[in-house]
Amino acid sequence: MLNFLRSLKRLKNLILEKLDRTEILAISSQASLSQLQGQFERIRADMAQFQEQFERIRADIAHLPLTLDKSRQADLQTLTQRLDHQQEQIQLAVKSVEGLYPHLNSQHADALNLLTALYDHTNSQTQQTQNLIEGLRVTLEHHLRRYQGSLLYDQKLWPWNYRPATTFTLPSGRLLPRISVVITAFNQGHYLEETVRSLLLQGYPNLECILVDGGSTDATVEVIRAYLHRFKACLSESFTTRAEALNRGFKLATGDILAGLDAGDIHLPETLWEVALAFDHYPIDVVVGGTGWRGQPDGEFVLVQEPDLPVERPVPLPLARLCDLEEQKYQGRFFYPAAVFWTRQAWRATGAGFDETLTDAADYDFWLRLARAEHQVYRVNARLIGARLGQPAPISPTEQMQVIERYRQSNQTQPEGPALAIYTTPIGTYCLPAEAREDVIAFHMRQGLVFEPEVVEAARQIIQPGSVVLDVGACFGQMSLIFSQLVGETGSVFAFEAEEFVFSLLQQNLDLNQAHNVRAIWGATYNQTGLDLAYPVPDFQEFSAYGSYGLDPRAQAGRRVKCLAIDDLQIRRPVSFMKVDVQGSDLFTLQGARQTIEAHQMPVLFEYEEQFQARFNTSFQDYLDFIQSISYEVVKTIYNINYLIAPRGKKLFFPGMGSQGTADPAPPLNTGIIGSLPSPPYLCKFLQSRAQVETCTEFLYRNGYASHSLKCKDWDLAHLVSQIGDGNFLDMGSSDSYILKNLLRKGVKGAKYGIDLRDPDQPLRGVEYLIGDLLQTPLADGFCTNITCLSVLEHGVDYQAFAREAARLLHPGGRLFVTFDYWEPLVVPTIDLYGRPWQPLDRQRLLTLVTACTSVGLNLVQDIDWETQEAVIGPDYYSPDPSLSYTFGLVVFVQG
């Protein structure tokens, strides 16, 4: 009934939204000229008020204290730049209206319609500007409170008669994330009220507070009764360990951000606001802060504990250092449990539970799980927690070593990489090396500037919507993102990058900007596929930028990289532009793309740098000979090293010249396959080894698909994305769905749906999300061509009901792809996953699933290959349960 009411509410809102828009258009179309002019006069008055607010805020920023750290200053600068941009947009719109005034009369319907459209646009811009102003005001007030002394509160007053200002808006304009805090208590009534008040008096409007009491018999009962109406839930039941209590509380939590708090600890003023700001600024998984220790509840801090991490810079959780207890724990550089906040996504990805078999090392075990999964941590420049000396009890040496042994191999196999940071600019959001200050491309991107703007402008005049663009040497992806916008949603961009670290950032930047029409391909472009050449590890001695390093066919040392020829992609859709910048091997890239160039006759921009030619034994004459051999000519030179070539006598395409109009429907994006999956390409089988995972990851990289954040799941993705083609598609259990992300990149045609119990953390454009039970999907009979259900059935799903629903949804010949955790003999986990029961399948359970599917007309596409070589997923390799090893299975069914 609840799901039905939610669906009814969604439908109602959709109808009201469409009716409201229809009414607005009807009124606008009938409005008199004088009425519209009056509306614009009101907007102009609003603009004058906005300008006054701009100036007041900028004056306040100019007087900020010098102690304001550089990263905070950068945040404020970014916001003011966005405000400037919004103001320019409004001024341009009003200027356009003023230009229309002399031509407006009752006979000029087109001009009136344009005026109406401009009014809608300008009205929207004013609302966005108002939101940005509010975000800037809140951020400014927050920093002024922090740095001008208002947070130097009297510790004896907090949290009794001191309350921070309440704010409701984040600088980005996004809604405040829900923060769920689980308080654990047992016979600590003397301290509990202070703990509860410190949380409730944060003034944070989207707080979810859950209390788990172990059956206290002291004053705790009175405190609970007094504040009961402020808790989302209050559990009173016995538990053996703190981990048990936290797990019970988090099963009820619905927040986007999670944290635990023991009775006796307090949140310091603005803790939740600090945490929300950090998660709003960066795509991070964990936030930590400092802790002040005191001997008495109202005493002064006698000790301060700060995490040994870079301040205000996202970095991977350092597994090696976390495992070094001598350095971290005993030197006071560890995290304090209450000062750690994490996302629901990270919680689910690492098992959705603390290890209840551990008495006092459960937090430590959880942090190591987060580090093993390479989650990103951000240390705020503030103390978040006040704690009592002696709480919690020290971790026993026995439990320390027990936990360390679980992660020792992971510690040895996952070295730390360069520190990364997220930069939000007016033209895009980028993940970049935080310390590459002399990298010219990264510098431009951090500043919100376009690198090589004349190259971009030339491309802008050539690229056609709905076409394919080849970006060879994509580096961090700024040009790929610009090309993505130029080709539009019906077009595609192939972005090639050979340096593995830079390639990983390219993928992240595509995801951050939702550029699902870009396929990032890992490998060096050359004149043939399969060559294994040397690629130097950047030492930043010869060059200061990542993008300045390239192939060296003479080198024996360096990382080996596989080469590919663009012709082997066999691109069928029209290609309108190709950019090549690969540090001296541009000619070999062009040779490997000769058939593609001759077939599509697109303009090509390549780079010729004399300093790199010796290593390839080439000269500019070799380039000229190639240009002549394909009947092209040089039409433009940019920055003296970039050469734009086009077919002889062919006029380049310029938007606005000739008939651009609406792009024709794009033909299927058929491309060749670079690399292959493990042989034989069987579809009903089990993961055999970690080597197969690595092969599948390389397959995804080499073909422009996204690798999973848990790399072990690339085995699932590689097999499925290569099999699923056009037609209506449904992913059952679609939260953070990588299969949907990859089908968008593949350009699969047809409606794309996902269903899960909650909204995804990052919705994908082009996907319709359904919230509800996957056994009751609100789609028509026979709607789907393909359905995937990945790692869902082991979480308490009724096989028979699942089979009936899948059979109802699939049309004749449609296929159902199912993956699952598996081991024979049956293994029994000690934890739940994602807040759901978790039981990997064994042979008998899998046969039960097959029988249920067969009974409703879903037949296996082939017999199951039952061979399993090893339990690939283990304590040192992505297993969320340190006592459990297993593997993955895949079966595919066809309707009829």
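The values are calculated or read from the model by the stated rules, or taken from the named source; none is laboratory data. Quick caveat, the model's predicted, so the values are computed rather than measured. Virtual Cβ from ideal backbone geometry, glycine too; neighbours counted across all protein chains shown. Remember, those area values only see protein heavy atoms, side chains included, never the ligands or the DNA or RNA. Shrake-Rupley method; radii C 1.70, N 1.55, O 1.52, S 1.80 Å.
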Could you list, in sequence order, the residues of the stretch 806-853 that are open to solvent by 60 Å² or more (accessible area, probe 1.4 Å) and assigned to a helix (DSSP H, G or I)?
ARG808, ARG843, GLN844, ARG845, LEU847, THR848, THR851
Give the residues of the stretch 736-763 that are assigned to a helix (DSSP H, G or I) and in contact with a Phe, Trp or Tyr (Cβ under 7 Å, 6 or more places away or on another chain), sorted by residue number.
ASN742, LEU743, ARG745
When the stretch 549-566 is examined, which residues are found to be within 32 Å of the chain's Cα centre (by Cα) and at pLDDT 75 or above?
TYR549, GLY550, LEU551, ARG559, ARG560, VAL561, LYS562, CYS563, LEU564, ALA565, ILE566
Would a scan of the stretch 452-475 turn up a residue that is closer than 21 Å to PRO310 by Cβ, open to solvent by less than 40 Å² (accessible area, probe 1.4 Å) and not small (Gly, Ala, Ser)?
no
Under 6 Å between Cβ atoms, at least 6 apart or on separate chains: pull out the pairs that start in the stretch 727-741 with a residue that is in contact (Cβ under 8 Å) with a residue 12 or more places away in the chain and end on any residue that is hydroxyl-bearing (Ser, Thr, Tyr) and not in a strand (DSSP E or B).
ASP731/SER737
Could you please find all residues in the stretch 207-223 being more than 21 Å from ALA243 (Cα to Cα) and modelled with pLDDT of 90 or more?
LEU207
Sole residue being in contact with a Ser or Thr (Cβ under 9 Å, 6 or more places away or on another chain), open to solvent by 50 Å² or more (accessible area, probe 1.4 Å) and modelled with pLDDT of 80 or more, chosen from ASP285, ASP256, ASP280, ASP265
ASP256
Identify, please: which residue in the stretch 706-718 is open to solvent by 10 Å² or more (accessible area, probe 1.4 Å) and assigned to a loop (DSSP other than H, G, I, E, B) and is, among those, farthest from ASN742 (Cα to Cα)?
LEU710
I'm trying to understand the selection: among the residues of the stretch 508-528, which are open to solvent by 10 Å² or more (accessible area, probe 1.4 Å), touching a strand residue (DSSP E or B) at 6+ places or on another chain (Cβ under 6 Å) and under 21 Å from ARG560 (Cβ atoms)?
TYR526
If the requirement is being open to solvent by 10 Å² or more (accessible area, probe 1.4 Å), at pLDDT below 85 and not in a strand (DSSP E or B), which of these qualifies: ARG174, ARG197?
ARG174
Condition check for ALA803: over 27 Å from GLU694 (Cβ atoms), assigned to a helix (DSSP H, G or I), open to solvent by less than 20 Å² (accessible area, probe 1.4 Å) and without any contact (Cβ under 8 Å) to a residue 60 or more places away in the chain
yes
Taking GLN862, is it at pLDDT below 95, under 17 Å from PHE802 (Cα atoms) and not in a helix (DSSP H, G or I)?
no
Going by the conditions given, is LEU531 surrounded by fewer than 19 Cβ atoms within 10 Å (Cβ to Cβ), farther than 19 Å from VAL634 by Cβ and among the hydrophobic types (A, V, I, L, M, F, W, C)?
yes
Which pairs turn up if I take residues in the stretch 867-887 that are under 19 Å from LYS685 (Cβ atoms) and among the aromatic types (Phe, Trp, Tyr) and look for partners that are open to solvent by 30 Å² or more (accessible area, probe 1.4 Å) and at pLDDT 80 or above with beta carbon separation below 8 Å, at least 6 apart in sequence or on another chain?
TYR886/TRP823; TYR886/ALA871
